[in-house]
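The values are calculated or read from the model by the stated rules, or taken from the named source; none is laboratory data. On a predicted model such as this, the values are computed, not experimentally measured, just so you know. Positions of Cβ are generated from backbone atoms using ideal geometry, with glycine treated the same way; all protein chains shown enter the neighbour counts. Areas reflect the complete protein model, heavy atoms only, side chains present, ligands, DNA and RNA absent. Shrake-Rupley method; radii C 1.70, N 1.55, O 1.52, S 1.80 Å.
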Amino acid sequence: MSVRVRFAPSPTGALHIGGARTALFNWLFARHMKGKFILRIEDTDRTRSTIDAVRTILHGMEWLGLDWDEGPQVDGPFGPYFQTERLELYRQYAEQLTKEDKAYYCFCSPETLAEKRKQAEARKEAPRYDASCRKLSSAEIIRNQSAASPMVIRFKMPAGARTEVADLIRGKVEFDNDLLDDFIIIKSDGFPTYNFAAVVDDHLMEITHVIRGDDHLSNTPRQIVLYQALGWLLPCFAHIPMILGPDKARLSKRHGAASVVEYRDLGYLPEAVLNYIAKLGWGHKDQEIFSRAELIELFRLEGVGKTPAVFDVEKLKWLNGHYIRSALPERIVDLCEPLLIEAYGDHDVEHISRVVKLFLDRLKLIPEIVPLTAYFFKDDFEFEEKAVTKYLKAPQAPQILSALRDHLAKVEPFKKEEIEKVFKALAEELKVKLGVVIHPCRAAVSGRTETPPMYDVLEVLGREKVLVRLSKALGTRPA
């Protein structure tokens, strides 16, 4: 059997972390099994679906590198891949169920249904449709249709039975059909409901495995009885656990970015986000870092847990730092360059490149490059209080800074190897540890107590800027 899976987002908003995780698990399963990954847009919610949301979803998928074999922009044999372009198919199968007495026309108005819900609540019963229109005669149906009464099509839920879901992750789950009412399959506007459209599409697109969030588990018994009523083989179902925030509440915007694309804008690399969301509910031994190829090779549905996963933004940042350090330096430079130009104006591209490369092992998020590098691009940078009180006010600071200024003025070429010799010679001359020489210099040229290696910093700053800053520190040092 050739595996065919699908990711079927509703374009009512951006691609969020939960949706991206569902897409990733489907994509990994398809790639591991050498099957097909289908992208289907479930856009039948006419009041909320937008073209902009479709574009944002596609952009998020592309940014993560989750390519699809069939779907929007990729022709396939089972299209179209937008549900609003498949309405005739849903009508056809709904009419088939009606003719076979497995579905029926319902003319209950919204006001009538609201009153019935109110009465059920008064009886302390779960609100469910009472199937009153099941009993309509052919003449009553024709009369209502002739009067153009608002009409939906409801599925006749088989009574007195239980529906079993053989879930590949959760195991066997049973539902009592008597607790499920006669649900709508075609709405009064002629559009299908989610459960009906998903079943028709999954069957016609030959989907073999339905892998989705466990918030859809309650939909599955309704979908199974639809498959059975239409005489179609069931796909395999696998419901993956939900994602929670650190407070154990369901993941939402208050826990971080609302969409995948926002994580890009916050400075995350796609491979870091992909690696992290793969670990939300799935794992392989104690491994934390996975290449794309490793994820494809190792992914198994058996490795997906049953318990909710907790989203930890600090761990995501840690992973992002790892991938920044592992990336080609030129790629990180390209990402940092527009941020630095926006913050500090136009600068020599080569200078920007040299500065960024000093900080590759310190970045966790790309935008951090801006505050970290201020002293490379402007002279009116702020001094940390500790840098002033501990190092610039140290008793030996004037002697050290004066000597460094004199010696560095003569260094040729002004490269870190030659700069290092000056520092070591001065430390030996003063009979102090090397740090005693480095710390006041660092404070004078950067205003910081921590920077990249001092000799690299001085080389990138350049002789002229270094000498000016040493002189300024000497001239403005408090008595």
statement: Per DSSP, the loop-located GluC sites (Glu not before Pro) within segment 390-479 having at most 15 other beta carbons within 10 Å are Glu450
field: Reach of Lys410 by Cα under 21 Å, taken over lysines that are not fewer than 8 positions away in the same chain
entry: Lys421, Lys424, Lys465, Lys472
message: Among DSSP bridges having both ends in segment 159-239, what percentage is antiparallel? Round to the nearest 5.
response: 60 percent
Given charges at beta-carbon only (K, R positive; D, E negative), |dipole| of the chain in Debye: 1120 debye
statement: Violations at 29 Å Cα threshold for listed pairs Lys386/Lys431; Lys34/Lys285; Lys315/Lys433; Lys36/Lys315 -> Lys315/Lys433; Lys36/Lys315
Nearest 10 degrees, 0 to 90: helix 349-358 Cα axis against the chain principal axis: 90 degrees
task: Using a 1.4 Å probe and counting only protein heavy atoms, arrange Ser446, Ser146 so the residue with the most accessible area comes first.
output: Ser146, Ser446
- line: Nearest-0.05 FRET efficiency for Asp52 and Lys390 at R0 = 45 Å, using Cβ-Cβ distance, is 0.25
message: Quick check: with the 1.4 Å probe, what order do Asp214, Asp201 take by accessible area, largest first?
response: Asp214, Asp201
- line: Once the dipole of the chain is set up from charges on Cβ (+1 Lys and Arg, -1 Asp and Glu), the residue from the list Val313, Leu298, Leu204 lying farthest towards its positive end is Val313
- request: Specify the angular offset, from 0 to 90 degrees and rounded to the nearest 10, of the alpha carbon long axis of helix 51-64 from the longest principal axis of the alpha carbons in the chain.
  value: 50 degrees
message: If I model a spin label as a point 7 Å beyond the Cα along the Cα-Cβ vector, how far apart are those points for Val432 and Trp232 in nm?
response: 8.0 nm
- request: For segment 306-421, count the residues as N, evaluate 2.2 N^0.38 Å, and divide the Cα radius of gyration by that value, please.
  value: 1.41
Stokes-Einstein translational diffusion, segment 173-318 - Kirkwood Rh over all Cα pairs, 1.567 mPa s, 4 °C, in µm²/s: 72 µm²/s
query: For Ser291 and Arg162, what does the FRET efficiency come to when R0 = 41 Å and r is the distance between their Cβ atoms, rounded to the nearest 0.05?
result: 0.35
- prompt: Of His239, Thr451, Pro9, which is farthest on the positive side of the dipole of the chain, counting Cα position, with +1 on Lys and Arg Cβ, -1 on Asp and Glu Cβ, and the Cα centre as origin?
  reply: Thr451
- prompt: Placing +1 at every Lys and Arg Cβ and -1 at every Asp and Glu Cβ, with all other atoms neutral, what dipole size does segment 338-479 have around its Cα centre, in debye to the nearest 20?
  reply: 580 debye
statement: The size of the Cβ-based charge dipole (Lys, Arg +1; Asp, Glu -1) of segment 1-120 about the Cα centre, to the nearest 20 debye, is 400 debye
Label selected from [x] 29.1; [y] 31.5; [z] 30.3, the criterion being mean projected area of the Cα convex hull in nm² as computed here: [y]
- request: Indicate, rounded to the nearest 5 percent, the antiparallel portion of the DSSP beta bridges found entirely in the chain.
  value: 50 percent
